[in-house]
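S.K.: Sharing a structure here in structure tokens format.
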Amino acid sequence: MTTTLEVHGTCDSRFAKVKDAFARNFDDHDEVGASVAVMIDGEQVVDLWAGHADAARTQLWQRDTIANTFSSSKGIVATCIARLIGEEKLDVDKPVAAYWPEFAQAGKENISVRLLLSHRAGLPAVSDVLPMGSIFDWTTVTDALAKQKPWWEPGTKHGYHAVTFGYLAGELIRRVVGRSVGTYFREEIAEPLGIDFHIGLLEEHDPRVADIIPPPVSATAGDNALGEALLDPTSMTFKAFLLSPDMMMPNLMNTRQWRAAEIPAANGHGNARALARLYAALARGGELDGVRVATSEAIERVSREEASGDDAVVLVMPMRVGLGFQLSIADWQLGPNPRSFGHGGFGGSIGFADPDARIGFGYLMNKMTFSAGRVDPRWQKLAAALYESL
């Protein structure tokens, strides 16, 4: 089947393959609405959007449409961390408790910032599922994490801190600068750089937010260890993804309560252009259009491998991580260059930087997919077309 899809935006003729791949996604993968953007050495070469912002396909996706990016938000948090490292306000080899004294409970007094940011602290979940509404109460979650005993001896394993990473890193940022991660990012990075990305979305932006279309529940119940763990309420994996019962609501991400909260690992809102612009700055050593996001030394530090291999939480998906950023691995390659780094989000979104090619890449959609194989074929095809065009 072919469609009469109209793709909007701009695309340098050199990257026509990217535009073609973007259009094909709507046929091949039943894409509903999406945006893709690419910057190379600070120049915008791709900025495209198409489709619809709602499941009924009655509202067109516009240039300024934004959507929930899920874990692609973690790259935003990691960028804030890089900025603080470069400003020498945060030392990754100091104990977390040096900045957040209450964190020292339950034998965590020696856990370093480095271990916390590289998913090695053993705090992917809270042992007892928190009461309804807890994910919207910052203090409830951070107090619970401060009291939590590590699930494994810190430093001996790495396991994806799917939701807790945002609260842990966010509280660290709050203790250092006295501002929430959403406020800090907005004031120090988003506004100076001119990017449309938000952690804690004001109600005035609701009319331009695309509704997220979640995958069917059956899609997450595969015949593998991850699918089985996600169906077991007693498992660490289940608790890592579902801190409180709210997170079992399939339409939660389309509520005002979700959009307004600061859940930094999961509820950032933006578009592909915002992701590409942020990562374009990181790919150029931290500076874009006269705005310095972070020092080049700090970016190199946070994008350096800290852990790799089998993941204790996600089980079937090996990970390779830096300090908050995901790094290329055999079955999840951010292009062909080994120094690329970024972060993907549940359902398909992604942003990454390639310092070797000086590329900033962003892809965002509203129809979520779930694949135990980890790689979403939609962004993978876009990235492949991009590198074929260089």
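None of the figures in this text is laboratory data; all of them are computed from the coordinates on show. For clarity, every value in this text was computed on a predicted model and none was experimentally measured. Virtual Cβ from ideal backbone geometry, glycine too; neighbours counted across all protein chains shown.
S.K.: Would you calculate the separation in nanometres between label points at Thr4 and Arg304, each defined as 7 Å from the Cα along the Cα-to-beta-carbon direction?
M.R.: About 5.7 nm, to one decimal.
S.K.: What residues qualify as long-range amide H neighbours of Gly51, i.e. H under 5 Å apart, gap of 5 or more or another chain, H built at 1.01 Å from N?
M.R.: Correct list: Glu6, Trp61.
S.K.: About its Cα centre, what dipole magnitude does the stretch 8-389 give when the only charges are +1 on Lys and Arg Cβ and -1 on Asp and Glu Cβ, stated in debye to the nearest 20?
M.R.: 240 debye
S.K.: Provide, as a two-decimal number, the C-alpha radius of gyration of the stretch 1-116 over 2.2 N^0.38 Å, N being how many residues it has.
M.R.: 1.60
S.K.: Return the Rg/Rh ratio of the stretch 247-371 with Cα-based radii and a Kirkwood Rh.
M.R.: The Rg/Rh ratio comes out at 0.98.
S.K.: Among Ile213, Ile173, Gly348, whose Cα lies farthest out toward the positive end of the dipole of the stretch 8-389, if unit charges sit on the beta carbon of Lys, Arg (+1) and Asp, Glu (-1)?
M.R.: The Cα lying farthest towards the positive end belongs to Ile173.
S.K.: Modelled label-to-label distance, Val291 and Met249, 7 Å Cα→beta-carbon offset: nm?
M.R.: With each label point 7 Å from Cα toward Cβ, the separation is 3.3 nm.
S.K.: Which residue fluctuates the most in the chain, going by a Gaussian network model with Cα springs under 10 Å, if the choices are Thr140, Thr237, Thr164?
M.R.: Per the Cα network of the chain with a 10 Å cutoff, Thr140 tops the list.
S.K.: Considering amide H positions built from the backbone, and no H for Pro or chain starts, which residues 5 or more places from Val45, or on another chain, come under 5 Å of its amide H?
M.R.: Val38, Met39, Ile40
S.K.: Starting from the eigenvalues of the Cα gyration tensor, five times each then square-rooted, give me the equivalent ellipsoid semi-axes of the stretch 8-389, largest first, whole Å.
M.R.: Rounded to whole Å, the semi-axes are 30, 24, 20.
S.K.: Given the peptides 114-123, 249-258, 60-69, arrange them by the average over their residues of other C-beta atoms within 10 Å, most packed first.
M.R.: 114-123, 60-69, 249-258
S.K.: Would you compute, from DSSP H runs of 4+ residues alone, the mean residue ellipticity of the chain at 222 nm, taking -39500 (n - 2.57) per run and dividing by the full residue count, rounded to the nearest 500?
M.R.: Theoretical 222 nm ellipticity from helices: -8000 deg cm²/dmol.
S.K.: To continue, here is another question. Identify which of Leu242, Leu334, Leu364 has the largest mean-square fluctuation in a Gaussian network model of the chain, with springs joining Cα atoms closer than 10 Å.
M.R.: In the Gaussian network model the winner is Leu242.
S.K.: With only Lys, Arg, Asp and Glu charged, each at its Cβ (+1 for the first two, -1 for the last two), find how big the charge dipole of the stretch 341-390 is about the Cα centre; round to the nearest 20 debye.
M.R.: In debye, rounded to 20, the stretch 341-390 gives about 200.
S.K.: Can you tell which of Val321, Val32, Trp332 lies farthest toward the positive end of the dipole of the chain, using +1 and -1 charges on the Cβ of basic and acidic side chains (Lys, Arg; Asp, Glu)?
M.R.: It is Val321, whose Cα lies furthest towards the positive end.
S.K.: To the nearest 20 debye, what is the magnitude of the charge dipole of the stretch 203-315 about its Cα centre, counting +1 on the Cβ of each Lys and Arg and -1 on the Cβ of each Asp and Glu?
M.R.: 400 debye
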